[in-house]
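The values are calculated or read from the model by the stated rules, or taken from the named source; none is laboratory data. As the structure is a prediction and not an experimental result, all values here were calculated from the model. Counting neighbours? That spans all protein chains shown, and the Cβs are built from the backbone with ideal geometry, glycine included. Side chains included, ligands, DNA and RNA excluded: accessible areas come from the protein's heavy atoms. Shrake-Rupley method; radii C 1.70, N 1.55, O 1.52, S 1.80 Å.
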Amino acid sequence: MNNKGTILLVEDQEGFRRIYKDVLSADGYEVLTAEDGEAGWEMAKQKKPGLVLLDLGLPKVDGFEVLRRMREDAETKNTPVIIFSVMGEPKDIKKALEMGANDYTVKGFYTPRQILSKVKSL
């Protein structure tokens, strides 16, 4: 199997986790999943994924906090992060990009295929 790299999907909704994991796995990525921000942060540090798909509305620690920790940590500060959220407010998008997110995707506006092309571009 041709492994294109590891993606960490931090998403609290199981349905979304399953759909995106399936699409990315089918395309040859190894997909790790975390269902809350705390677990996502721990995984990002331990597993050093090539890319993180990060939801903002997460239990325990929200996506902004996970992103902040990642950008402040020497081991994760250069890991590409695509924010993946239902929060499509311009202020949220601006804040996430200013905090160092590489891309911002509003859930429901993009198909899994479109997400895949964003992943490939990073």
V86 under 14 Å from the mean Cα position of the chain (by Cα), open to solvent by 80 Å² or more (accessible area, probe 1.4 Å) and among the hydrophobic types (A, V, I, L, M, F, W, C): yes
Residues satisfying the stated conditions in the stretch 42-65, i.e. open to solvent by 30 Å² or more (accessible area, probe 1.4 Å), of a type outside the set (D, E) and closer than 19 Å to Y104 by Cα: G50, G57
Those residues of the stretch 4-20 which are within 26 Å of D73 (Cα to Cα) and open to solvent by 40 Å² or more (accessible area, probe 1.4 Å), in sequence order: K4, D12
Unmet requirement for A74, which otherwise passes all of (1) among the small types (G, A, S); (2) open to solvent by less than 70 Å² (accessible area, probe 1.4 Å); (3) outside any helix (DSSP H, G or I): (2)
Residue check for I83: part of a helix (DSSP H, G or I) and under 19 Å from L122 (Cα atoms): no
Pairs where the first residue, in the stretch 84-112, is closer than 19 Å to L9 by Cα and of a type in the set (V, I, T) and the second is assigned to a loop (DSSP other than H, G, I, E, B) and at pLDDT 85 or above, C-beta under 9 Å, 6+ apart: V86/D55; V86/L56; V86/G57; I93/A101
Residue within the stretch 92-106 that is of a type in the set (D, E), under 13 Å from D55 (Cβ atoms) and open to solvent by less than 50 Å² (accessible area, probe 1.4 Å) present: yes
